[in-house]
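Read through the structure below, which is laid out as structure tokens, and then see the notes.
The values are calculated or read from the model by the stated rules, or taken from the named source; none is laboratory data. These numbers come from a predicted model, not from an experiment. Here the Cβ positions follow ideal geometry from the backbone for every residue, glycine too, while neighbour counts run over all protein chains shown.
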Amino acid sequence: MAEADRTETTRPTGGRGERSSAVQRTFALLEMIVSQTRPMSLAQMADRLDLPKPTVHRLASRLETEGLLAREPSGKQFTIGPRLNTLAIDTLTASAQRAPRHAVLQALAEETGETCNLGILDGNQVVYLDRVETHWPLRLQLSVGSHVPLHCSAMGKLFLSQMTKRAREKIYAAGPLQRFTEQTLTDPHVLEKELQQIRAEGVAVNDQEYMVGLVGLAVPVPDPEREGRFAAALAIHAPQPRLDAEKILGCVPVLRSAAERLSQVLGAPA
């Protein structure tokens, strides 16, 4: 490893080939970080990329300075930074890529007669990437870019169920879960039992846990490039008088079909 370090430091600097190599290494590091379900140490990154540890440390430090990577509180592991998270959200909401997936949401809204949402994880919340409102006069209006909590929304609980237990424990340890309604689950132990069922069934329901009178249902959108992972969550919600928590489960097949179409759209070339 020491020999590799000396070889790298004695190369001519400033050449076009070296700049290209640095860009390739930077993107390789970013791609690896975003593909992981948990933070990585410098040693793990160096081993996975087959690069000298000092090289990885230099790349990671630069990316951290730019906000593309962030250190865990321990200071020993790296994860996705706020700027990289924002870049990913902005990319997914770009108008050129929005039309095909918006068409899927429109078709789903027409078929179910209810408001449809597409969301992704953004820190300890869910952010709406796209949305189609129902034609019914009784509805909840939340614009694209709105954030909803993890522990009391259908999409949020779906994302929570896929996290590692350690990641969830960090969320619980950050402070008490906020109570929004009488139905909100604020006891982590009770919530964990529901998350086990959600993980097993791949379906999450919000029964007036975020807002009184609002019921929601969410299913995962499969990641087209990583088997067993999901890229986003697809949900519908409706006023409880129109569609209660039991009746809304009848929409699971049509939601899953739409989620598969969305997966194909997300995996298609731009």
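Please pick out the residue among ARG38, ARG48 that is in contact with a helix residue (DSSP H, G or I) (Cβ under 9 Å, 6 or more places away or on another chain), within 26 Å of ALA231 (Cβ to Cβ), of a type outside the set (A, V, I, L, M, F, W, C) and modelled with pLDDT of 85 or more.
Details: ARG38 fails: modelled with pLDDT of 85 or more.
Every option except ARG48 fails the conditions.
Of the conditions (1) crowded, with 23+ Cβ neighbours inside 10 Å; (2) modelled with pLDDT under 95, VAL219 fails just one. Which one is it?
(2)
When both residues are 6+ apart or on different chains and their Cβ atoms are under 6 Å apart, which pairs have a first residue that lies in the stretch 114-130 and is among the small types (Gly, Ala, Ser), and a second that is buried (at least 20 other Cβ atoms within 10 Å of the Cβ) and not in a strand (DSSP E or B)?
GLY119/MET155
May I ask you to list pairs of residues, at least six apart or on different chains, whose Cβ atoms are under 6 Å apart, with the first in the stretch 155-167 being closer than 14 Å to VAL203 by Cβ and the second being crowded, with 19+ Cβ neighbours inside 10 Å and of a type in the set (Asp, Glu)?
none
Taking the condition of being surrounded by 13 or more Cβ atoms within 10 Å (Cβ to Cβ) and either among the aliphatic types (A, V, I, L, M) or without any contact (Cβ under 8 Å) to a residue 12 or more places away in the chain (or both), how many residues in the stretch 207-216 meet it? Step through it out loud before you land on a result.
Of the stretch 207-216, the ones surrounded by 13 or more Cβ atoms within 10 Å (Cβ to Cβ) are 207-211, 213-216.
Restricting the remaining residues to those that are either among the aliphatic types (A, V, I, L, M) or without any contact (Cβ under 8 Å) to a residue 12 or more places away in the chain (or both) gives 211, 214-215.
Residues meeting the conditions: 3.
What is the residue count in the stretch 51-88 for residues that are more than 30 Å from LEU129 (Cβ to Cβ) and touching a helix residue (DSSP H, G or I) at 6+ places or on another chain (Cβ under 7 Å)? So that I can check it myself, show each step before the final result.
Residues of the stretch 51-88 more than 30 Å from LEU129 (Cβ to Cβ): 51-58, 61, 74-76.
Next, from what is left, pick out any that are touching a helix residue (DSSP H, G or I) at 6+ places or on another chain (Cβ under 7 Å): 51-57.
Total satisfying the criteria: 7.
How many residues, within the stretch 157-199, are among the aromatic types (Phe, Trp, Tyr) and in contact with a Pro (Cβ under 7 Å, 6 or more places away or on another chain)? Talk me through it step by step, then tell me what you get.
Within the stretch 157-199, the first condition is being among the aromatic types (Phe, Trp, Tyr), and the residues that meet it are 159, 172, 180.
Keeping just the survivors that are in contact with a Pro (Cβ under 7 Å, 6 or more places away or on another chain) gives 172.
Number of matching residues: 1.
When you look at ILE120, is it closer than 22 Å to PRO222 by Cβ, within 17 Å of the chain's Cα centre (by Cα) and at pLDDT below 80, yes or no? Give the derivation first.
Details: closer than 22 Å to PRO222 by Cβ: yes; within 17 Å of the chain's Cα centre (by Cα): yes; at pLDDT below 80: no.
No, not satisfied.
Just one of (1) assigned to a helix (DSSP H, G or I); (2) at pLDDT 90 or above trips up ARG166, so point out which.
Condition (2) is where ARG166 drops out.
Does ALA235 fit the bill of being touching a strand residue (DSSP E or B) at 6+ places or on another chain (Cβ under 6 Å), in a strand (DSSP E or B), modelled with pLDDT under 90 and assigned by TED's automatic domain parsing to the domain that holds THR134? Even if it seems obvious, please write down each step before you answer.
Numbers: touching a strand residue (DSSP E or B) at 6+ places or on another chain (Cβ under 6 Å): yes; in a strand (DSSP E or B): yes; modelled with pLDDT under 90: no; assigned by TED's automatic domain parsing to the domain that holds THR134: yes.
It is false that ALA235 is touching a strand residue (DSSP E or B) at 6+ places or on another chain (Cβ under 6 Å), in a strand (DSSP E or B), modelled with pLDDT under 90 and assigned by TED's automatic domain parsing to the domain that holds THR134.
Would it be correct to say that LEU51 is surrounded by 14 or more Cβ atoms within 10 Å (Cβ to Cβ) and part of a helix (DSSP H, G or I)?
Values: surrounded by 14 or more Cβ atoms within 10 Å (Cβ to Cβ): yes; part of a helix (DSSP H, G or I): no.
No; evaluated as a whole, the condition is false for this residue.
Determine if the stretch 143-157 includes at least one residue that is assigned to a strand (DSSP E or B) and at pLDDT 85 or above.
Going through the stretch 143-157, the residues assigned to a strand (DSSP E or B) turn out to be 147-149.
Add one more test, that the residue is at pLDDT 85 or above, and what stays is 148-149.
Yes, the conditions are met somewhere in the stretch 143-157.
Restricting to the stretch 212-225, name every residue that is assigned to a loop (DSSP other than H, G, I, E, B) and closer than 20 Å to ILE198 by Cα.
Scanning the stretch 212-225 gives a single hit, ASP223.
So, of the residues in the stretch 171-206 that are in a helix (DSSP H, G or I) and acidic (Asp, Glu), which turns out to be surrounded by the fewest Cβ atoms within 10 Å (Cβ to Cβ)? So that I can check it myself, show each step before the final result.
Pass one, the stretch 171-206, residues in a helix (DSSP H, G or I): 171-173, 188-201.
Next, only the ones that are acidic (Asp, Glu) stay: 192, 194, 201.
Details: GLU192: 16, GLU194: 16, GLU201: 12.
Out of the qualifying residues, it is GLU201.
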